[in-house]
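The values are calculated or read from the model by the stated rules, or taken from the named source; none is laboratory data. Keep in mind that this is a model prediction, so the values were computed, not measured. FYI the Cβ positions are ideal-geometry reconstructions off the backbone, even for glycines, and counts take in every protein chain you see.
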Amino acid sequence: MKRSPREITGWSAAIAIVVIASLIPIVWIISLSFKDPSTIADGSFLPTKWTWTNYSGIFKQSLFTDALRNSIGIALIATLISVVLACFAAYAIARLDFPGKRLILVFALAIAMFPPISIVGPLYNMWRNIGLYDTWPGLIIPYMTFALPLAIFTLSAFFREIPWELEQAAQVDGATPFQAFFKVIAPLAAPGVFTTAILVFLFCWNDFVFAVSLTSTSKAETVPAAIASFPGASQFTAPIGSIAAAAVVVTIPIIIIVLLFQRRIVAGLTAGAVKG
Amino acid sequence: MADITLEHITKRYGDGYEAVKDLNLEIADGEFMILVGPSGCGKSTALRMVAGLEDISDGQLKIGGELVNDRAPKDRDIAMVFQNYALYPHMTVRENMGFALKLAKTPQAEIDRKVNEVAQVLDLEQHLERKPANLSGGQRQRVAMGRAIVRDPKAFLMDEPLSNLDAKLRVQMRTEISRLQQQLGTTMIYVTHDQTEALTLGDRIAVMRSGVLQQVGSPGELYANPTNLFVAGFVGSPSMNFLPGELADGVVKLPIGDVRLSDEARQDLEGGGGPAKGRQVIAGMRPEHFEDSGLVHDPPSGVKFPVTIDVLESMGSEYYAYFNVESGRVASQELDELAQDSGVGEIPHAGSRTQVVARLDAASTVKQGEPGELWYDSSRLQLFDPESGRSLLTHSKVD
């Protein structure tokens, strides 16, 4: 189908508006992070006086570097455990017929829909009583609660896409169930697993509610929570420059991850398995 | 290579539904056995039970004399070609074909040698390093076959391997499979719903319907001596014509006229017991046993009758002539069911007109819409019981 020039212009304009609208805040925060403290409130879009002090400043604070370590550690561990568990669950859901299968999916969906803020209060009390407050497991556990349903859902959709016959063909070819899974199903499910892992990682990395409520010190505080407790230069100045710099720094790993795995995320690996 | 024996094989699902009922089949070593039937007749389920992909509810399955009911697919040493090929998309053609050997821990040099050998047979040499996604339908089909052949298994199982190909390629691959089977001499079970494929490929054909085996025999036997209405209607294209008839003294009264029964037919009918006279029957007439009466000189036996041809289709080498006959009522609920199953649908109803198709020689002078005269070779007449659908004749001429 050929599009008319008018249509092309219309669509281009719409796309441009969306891209600009979503880029402006990012450019703005990058711009803020390079502004000198004295010009931070001058209102100009681009910095008039460029400086690296905001960046060097946050890396000098153990508050930020500890938080970065906590963020990376907690998000990676939560992602790893969730994805491994979700793989088993999703594979069973996609392949086996067992009573209560639908119930599990509905239940998982319900949990994913649950507002996190509503369980923060009870968790705070519970964690303090059993000693999980302000620890890594104290954050990993609630992250998994929300990440698992999400992971099970996306993964079971991916597993369902893989033709049953491939596994049966492998079995007839002499593979044990484990060989069939690891040599045939797993390589095909890889894009799905990576996509899920990235989604889960993003969820853990970006969380603010749990992090700010269930941690208090550099022992387990993650970056979003730490940023909120950045001290200003004096009691009366807001640490806008440092916050902007920290925000830019924590965005970088996400961009790198997405760029790295972009190729793998692109589906279509199963093309050619069966006649379409 | 091995023989395969199915003894009282039954597949029962959790809800009590029986997909395969008490199936008995002996497939000799090196035999090409076809399972054929309409969709849902249990032929694929039977095949999958042989492969080990479905549990066997009842009965015994023996491959090469060994009971294999409880063996996993990998321990049965059989190769299967799936309807949708089921090639591993992340592997090249070479890896696809060598996968089974690799799992069996065959040395790499040996794998390469075998894969190259089979690739040569299947004309896949220049595609060995490509992925399935970059292959055409016919090439994928050949890779799927190659994957099975490379292993040199006890038996090949094929589940409608040609149904995803276009018509021309299907005919080509059909010849290919036939040639390969003869070359390899491996036992093969081949499932299809296409009776043409069944007739052209198999040493023997097993016709199934609703999970029940109807008849097993060579293509010629099935064609000439169908044991019941279902097999008669299912095998052959265009399919057999059915007309209601009534037995009388040495003849059967049909809407097209009285047809004299052959001596063998009369013996069969008398041997079968029951009053021969006045008995309602269903007559089965193959299209090719009709002829333009102008072309039949000095006929040994047969009946001539006037018709008006409704539609005349020219096939180049022959004509298909369609005409209607007024037919009386034959009450048989089972018959309707059978007809629906086999897709014949031309079973006579009260006061209805039945369409009959005749295959005439290209030299025929009949014209569409004009009256003419046809001849039917009455020695080829098939007779069936309207109640049970069973053939009333035990022997007919085998072509």
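Couple of notes before you dig in:
Condition check ((1) buried (at least 20 other Cβ atoms within 10 Å of the Cβ); (2) small (G, A, S)) across all residues:
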| residue | (1), (2) |
| --- | --- |
| B:S210 | no, yes |
| B:E221 | no, no |
| B:N225 | no, no |
| B:F230 | yes, no |
| B:G233 | yes, yes |
| B:S239 | yes, yes |
| B:L243 | yes, no |
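- Which listed residue, of B:E7, B:E26, B:E54, B:E18, is within 14 Å of another protein chain (Cβ to nearest Cβ) and either of a type in the set (D, E) or within 20 Å of the chain's Cα centre (by Cα) (or both): B:E54
- Scanning region B:347-372 for residues that are modelled with pLDDT of 85 or more and under 26 Å from B:A265 (Cα atoms) yields B:V356, B:V357, B:A358, B:R359, B:L360.
- Residues of region B:310-339 that are hydroxyl-bearing (S, T, Y), modelled with pLDDT of 60 or more and within 27 Å of the chain's Cα centre (by Cα): B:S314, B:S317, B:Y319, B:Y320, B:Y322.
- Residue satisfying condition, being surrounded by fewer than 18 Cβ atoms within 10 Å (Cβ to Cβ) and either under 30 Å from the mean Cα position of the chain (by Cα) or within 12 Å of another protein chain (Cβ to nearest Cβ) (or both), within set A:A169, A:A180, A:A186: A:A186
- Of the residues screened, A:T196 is one that is of a type in the set (S, T, Y), more than 14 Å from chain B (Cβ to nearest Cβ) and buried (at least 20 other Cβ atoms within 10 Å of the Cβ).
- Cross-chain or 6+ apart pairs with Cβ under 9 Å, region A:161-178 first and within 17 Å of B:V143 (Cα to Cα), then assigned to a helix (DSSP H, G or I) and among the acidic types (D, E): none
- Restricting region A:30-55 to residues that are outside any helix (DSSP H, G or I) and of a type in the set (F, W, Y) leaves a set whose member that is nearest to A:V248 (Cα to Cα) is A:F34.
- Selection count, region B:250-265, where residues are more than 29 Å from the chain's Cα centre (by Cα) and either at positive phi or modelled with pLDDT under 80 (or both): 3
- Here B:Q126, B:Q60 are screened, and the one residue that is closer than 20 Å to B:V143 by Cα, out of contact with any Cys (no Cβ under 6 Å at 6 or more places or on another chain), polar (S, T, N, Q) and more than 14 Å from chain A (Cβ to nearest Cβ) is B:Q126.
- Scanning region A:199-245 for residues being part of a helix (DSSP H, G or I) and either within 21 Å of A:P115 (Cα to Cα) or of a type in the set (G, A, S) (or both) gives a total of 22.
- Residues that are part of a strand (DSSP E or B), closer than 14 Å to B:K304 by Cβ and not aromatic (F, W, Y), drawn from region B:361-375: B:P371, B:G372, B:E373, B:L374
- Residues of region B:71-99 classified as facing another protein chain (nearest Cβ under 7 Å), touching a Lys or Arg at 6+ places or on another chain (Cβ under 8 Å) and in a helix (DSSP H, G or I), total: 1
- Of all residues making up region B:100-123, the number that are within 14 Å of chain A (Cβ to nearest Cβ), in contact (Cβ under 8 Å) with a residue 24 or more places away in the chain and β-branched (V, I, T): 1
- Options A:I93, A:I117, A:I140, A:I162; residue that is away from chain B (no Cβ under 14 Å) and more than 20 Å from the chain's Cα centre (by Cα): A:I93
- Where strands (runs of 3 or more DSSP E) fall entirely within region B:100-217, those with at least 1 residues that are of a type in the set (G, A, S) are at B:155-159, B:204-209, B:212-217.
- Residue that is free of Cβ contacts under 8 Å to residues at least 40 places away in the same chain and of a type in the set (S, T, Y), where the choices are B:S293, B:S218, B:S262, B:S237: B:S218
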